[in-house]
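The structure appears right after this line, and notes come after that.
Computed from the coordinates by the stated procedures, all read-outs in this text should not be read as laboratory data. The structure presented is a predicted model; accordingly, all values stated were derived computationally and were not measured. Glycine gets a Cβ as well: all are built from the backbone with ideal geometry, and neighbour counts include every protein chain shown.
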Amino acid sequence: MKQFIYDRPTQVRDALTLMSQNDRAQYLAGGTNLVDLMKSELEGPSRLVDVRHLPLQGIHETHDGGLFIGATTTNSDVAAHAEVRSRYPALSQAILAGASGQLRNMATVGGNLLQRTRCNYFADRSEPCNKRAPGSGCAAVTGEHHNHAILEWSDHCMATNPSDMAVPLAAFDAVVHYETLGGTHDIALSEFYPPVGDTPQRETLLPPGALITGVTLPTSAESPRSRYRKVRERASYAFANVSVAAALDVREGSVDSVRIAFGGVASRPWRALTAEAVLQDQPATASMFRAAVDAELSAARPLEHNRYKVALARNLAETVLTGLVEQTV
Ligand code: SF4
């Protein structure tokens, strides 16, 4: 591992100032992804600004009834929080599906949003990778890509976003808050991750040096009848092949409101707005759910090894939505 300066500020302003003094500085929170990347020299910050002593921890209700989650709140604390479990259960379920207890105890909300892809070629210096070395090419497009994106990918990169937590956050219209030396800012999670296009190395729209301070779940998205389900390749913790977060309200047999987001299918959590529009006011039946997801996935461009994800996403969404209907009656 390369040498670096280590700072432990206690005020957000001080953290932002330290970051602004060094081009290759990075924030450190739980370190569950960054430290691994540093050990393998995929990341080489010259300064680490530890944010764990900043006043960014905790969960509280906002003035209009939403739920604010501080950026350094651990994944364990979010998953176990009574308000999260009762009002946004899919978020708790996603976090519990995401990693071992040890990792959840260290990993933070802000760090979870910023974790890097687990594409094998990204970690393999002998292979081209536009995300690791812009302009070098993408080994996955012509190589092994069974767990890569089927939606919105480009010839420059077809990696998926590895976060489980971000999938229900997308479904719940979460807002990400961040600070720069210029002030405080908000960005919808749906806009936080840009489409991959020809710049896969640009993974979020955060300005350089910006510090995530928290995430808000709006009260309008409160969904006690919501669920997260994930398909992975082994029973112990692994990243999703496909996952789905869904919330559903049914009135007299028809869909009154629905939220659906997929993980494991794109470079960002995929909000299924087309499927939601198809379902609105329609019969809450398995065949309708399948038709709606088929409409969503009509834009999918699977390759040879990841073709299975289309059927998997459809079947998984149908199972989750059908289960939510049964929960309603
Ligand atoms: Fe790199 Fe993305 Fe291609 Fe993987 S899919 S090799 S991360 S450019």
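For the stretch 207-265, applying the loop criterion from DSSP together with a ceiling of 14 other beta carbons within 10 Å to the chymotrypsin sites (Phe, Trp or Tyr not before Pro) yields Tyr237. Ordering Phe172, Asn105, Ala246 by Cα displacement along the dipole of the chain toward the positive end leaves Asn105 in first place; charges were set at the Cβ atoms of Lys, Arg (+1) and Asp, Glu (-1). Shown here for the stretch 1-95: trypsin sites (Lys or Arg not before Pro) in loop regions (DSSP other than H, G, I, E, B) with at most 12 other Cβ atoms within 10 Å, namely Lys2, Arg24. The base-10 log of I(q)/I(0) for the stretch 135-285, evaluated at q = 0.12, 0.13, 0.14, 0.15 Å⁻¹, reads -0.60, -0.69, -0.79, -0.88 [Debye formula, identical scatterers on Cα atoms, solvent excluded]. Overall shape: oblate for the stretch 149-221, with the ratio a/c of the largest to smallest alpha carbon gyration tensor axis at 1.5 or above and b/c at least equal to a/b. Considering the stretch 117-164 at the alpha-carbon level, its Rg and Dmax are found to be 9.8, 29 Å. Computed from the C-beta positions of Arg85 and Ser287, the FRET efficiency with R₀ = 30 Å rounds to 0.40. Taken over the stretch 1-125, the ratio of Cα radius of gyration to 2.2 N^0.38 Å equals 1.16. For the stretch 5-50, the mean projected area of the C-alpha convex hull, equal to one quarter of the hull surface, is 3.0 nm².
Among residues other than Glu144 with Cβ under 15 Å from its Cβ, the summed charge is -1 (Lys and Arg +1, Asp and Glu -1).
Distances between placed amide hydrogens fall under 5 Å for Ile5 paired with Arg47, Leu48, all partners being 5 or more residues away or on another chain.
Is the chain rounded, prolate or oblate when judged by the Cα gyration tensor, a ≥ b ≥ c being the square roots of its eigenvalues, rounded requiring a/c under 1.5 and prolate requiring a/b larger than b/c? Oblate, because a/c is 1.5 or more while a/b does not exceed b/c.
Of the trypsin sites (Lys or Arg not before Pro) in the stretch 89-121, the ones in a loop by DSSP (not H, G, I, E or B) with at most 15 other beta carbons within 10 Å are Arg118. Based on the Stokes-Einstein relation at 4 °C and a viscosity of 1.567 mPa s, and on the Kirkwood radius from alpha carbon pairs, the stretch 225-328 is assigned a translational diffusion coefficient of 94 µm²/s. In sequence order, the stretch 245-258 has phi-based couplings of 10, 9, 10, 8, 10, 10, 10, 6, x, 10, 6, 8, 8, 8 Hz under the Karplus curve 6.51 cos²θ - 1.76 cosθ + 1.60, θ = phi - 60°, and Gly or Pro positions carry x.
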